[in-house]
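The values are calculated or read from the model by the stated rules, or taken from the named source; none is laboratory data. Here the structure is a predicted model, which means the values were calculated and not measured. Cβ placement follows ideal geometry from the backbone for every residue including glycine, while neighbour counts extend to all protein chains displayed.
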Amino acid sequence: MKTKFLIFLVTLFSIYSCSQSKTENSDDYIRKSLTAFVENIKEKKINSAVEFIYPRYFEVVQKEQMTQILNLTYNNPSIITEIQRFEIDKIEKPEKIKSEYYSIADYSFKMKLKINWNSIPNSGQAKSQIKEGLIKKYGNDNVQYFSDEDYYFINAKMKACAISSNEKDWTFLIVEPQYKPQLKSILPQKILNKF
């Protein structure tokens, strides 16, 4: 009787333990890494954000140059960016090509963009060019201009390619059609065909 009771307790404990411990999968790891990347940008920790960029990209654009670009965009007193409501909308199942895993992640965020026009030469012309650029990149329906406070509110829908050699440690590339020429030497054709 004691043996049966002991077996029952061990079985019950095993079932309970298994139901409580959820193993993380690729989707969870991608979600954590992409969120950390965006959070670092949001918090203006550009050096930390750059560590989430796929290392082979630095064969095309030097790491220092990428750091400068991100600093100019997100850590510039003349350009105030405020990322809000970041969401990962969809993550494709990772696909192994040669020695690495690839997954396309669709994500979105809202962003407030305010520019100190006094610090920009030819601000009238720059204002027009920036508005056109934002509309071209995000679409007319996704860019609102609030003239009373002189800022843009952007609803950004983006894609990133997550890349890993072990399905746990993920790095990223922002994938948009205009970046294809830069990415041809880095990404497999099968992945390039997805955007």
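Consider region 152-195 and keep the residues that are in a loop (DSSP other than H, G, I, E, B) and of a type in the set (Gly, Ala, Ser). The one that is nearest to VAL38 (Cα to Cα) is SER165. Residue check: SER108 meets all listed conditions (1) more than 28 Å from ASP148 (Cα to Cα); (2) under 16 Å from the mean Cα position of the chain (by Cα); (3) of a type outside the set (Val, Ile, Thr) but one, namely (1). The condition of being basic (Lys, Arg) and without any contact (Cβ under 8 Å) to a residue 60 or more places away in the chain holds for only one of LYS168, LYS131, LYS194, that being LYS131.
Looking across region 171-183, the residues that are in contact (Cβ under 8 Å) with a residue 40 or more places away in the chain and among the β-branched types (Val, Ile, Thr) come down to THR171, VAL175. Applying the condition of being under 17 Å from PHE58 (Cα atoms) and of a type in the set (Val, Ile, Thr) to region 151-178 and asking which residue is surrounded by the most Cβ atoms within 10 Å (Cβ to Cβ) yields ILE163. For region 127-150, the set of residues classified as part of a helix (DSSP H, G or I) and surrounded by 14 or more Cβ atoms within 10 Å (Cβ to Cβ) consists of LYS127, ILE130, LEU134, ILE135, LYS137, TYR138, ASN142, listed by residue number. Of the residues making up region 12-26, at least one is buried (at least 16 other Cβ atoms within 10 Å of the Cβ) and either assigned to a helix (DSSP H, G or I) or at pLDDT below 95 (or both).
Could you please find all residues in region 44-86 being without any contact (Cβ under 8 Å) to a residue 24 or more places away in the chain, exposed (fewer than 13 other Cβ atoms within 10 Å of the Cβ) and not in a helix (DSSP H, G or I)? Result: GLN62, single match. Go through region 115-126 residue by residue and tally those that are surrounded by 11 or more Cβ atoms within 10 Å (Cβ to Cβ), part of a helix (DSSP H, G or I) and not hydrophobic (A, V, I, L, M, F, W, C). Residues meeting the conditions: 2. ALA105 meets all of the listed conditions (1) among the aliphatic types (A, V, I, L, M); (2) closer than 23 Å to SER185 by Cβ; (3) not in a strand (DSSP E or B) but one, namely (3).
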